[in-house]
1. Ignore the peptide's own chain and count Cβ atoms of other chains within 10 Å of each Cβ in B:61-74; give me the average, rounded.
2. What is the list of residues in region A:1-27 whose amide nitrogen lies under 17 Å from a point 7 angstrom out from the Cα of A:Tyr76, following Cα to Cβ?
3. I'd like the trypsin sites (Lys or Arg not before Pro) in region A:12-109 restricted to DSSP loop residues with at most 13 other Cβ atoms within 10 Å, sorted by number.
4. Could you tell me the number of lysine pairs in the protein assembly as shown with C-alpha atoms less than 21 Å from each other, where the two lysines are 8 or more residues apart or belong to different chains?
5. Percent of accessible area on the protein assembly as shown owned by carbon and sulfur, 1.4 Å probe?
6. How big is the equivalent ellipsoid of chain B along its three axes, where each semi-axis is √(5λ) from the Cα gyration tensor, reported in whole Å from largest to smallest?
7. Residue by residue through A:42-55, how many Cβ atoms from other chains fall within 10 Å of the Cβ on average?
8. Can you tell me what the convex hull of the Cα atoms of region A:8-67 projects to on average, as an area in nm²?
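The values are calculated or read from the model by the stated rules, or taken from the named source; none is laboratory data. Small disclaimer: the values here were computed from a predicted structure and weren't measured. Every residue, glycine among them, receives a Cβ derived from its backbone with ideal geometry; neighbour counts consider all protein chains shown. Accessible surface areas use protein heavy atoms only, side chains included; no ligands, DNA or RNA. Shrake-Rupley method; radii C 1.70, N 1.55, O 1.52, S 1.80 Å.
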Amino acid sequence: KQEVTQIPAALSVPEGENLVLNCSFTDSAIYNLQWFRQDPGKGLTSLLLIQSSQREQTSGRLNASLDKSSGRSTLYIAASQPGDSATYLCAVLHRPLVFGKGTRLSVIA
Amino acid sequence: DTGVSQNPRHKITKRGQNVTFRCDPISEHNRLYWYRQTLGQGPEFLTYFQNEAQLEKSRLLSDRFSAERPKGSFSTLEIQRTEQGDSAMYLCASSPGTSGTSSEQFFGPGTRLTVL
């Protein structure tokens, strides 16, 4: 059974800091990996999709990497802003999409 | 707005009542998914459709739950004889296809169910 773990569960950083969120999964037979953002009480917003054949994807200040063989992905956020405060969820497409519990990020102005 | 939409956004019901939620996916997306999310947890898969065919159901989907996508467009999720444990956010997502970038899932705002 595929299990997805996200570390840390919560993170508080000062504005402007670069940060890394970690995601690990137990079964490397995945089709892709998706990072989402979720604001309190809201739905999920897709941030980045990394296909199983890719090693990284970038969008603006976000960069996600994938190491399928070791079952790991990282989401790098550059120059964090208070507006980045949210819960970040990692999910692997493994028939079906399996989510981690998320990392709750607070960026302090 | 061309994103995934869900109605209602909030539903409060008494234990034992039936409730129905609706999801309208992004136009021309063949795949439609239902998830359930409880506080502090990531979403958990319930079921998905390829066009009008329901292809997979999670063991979380008890016989009180039923989902339909009659014409391959919108979908409904019905919960019969609701229980307090059904209280959760119910999320709908859609994707264009199954491989490569077309497997990217786009989520709606969710329906928050509270069972009293």
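1. Values: counts 0, 0, 0, 0, 0, 0, 0, 0, 0, 0, 0, 0, 0, 0.
Neighbouring Cβ atoms belonging to other protein chains average 0 per residue here.
2. A:16-23
3. Answer by residue number: A:Arg55, A:Arg61.
4. Total qualifying Lys-Lys pairs in the protein assembly as shown comes to 7.
5. 46 percent
6. On the way: eigenvalues 109, 39, 35 Å².
They are 23, 14, 13 Å, listed from largest to smallest.
7. Partner-chain Cβ atoms within 10 Å, mean over residues of A:42-55: 4.
8. On the way: hull surface 21.0 nm².
The directionally averaged projection comes out at 5.3 nm².
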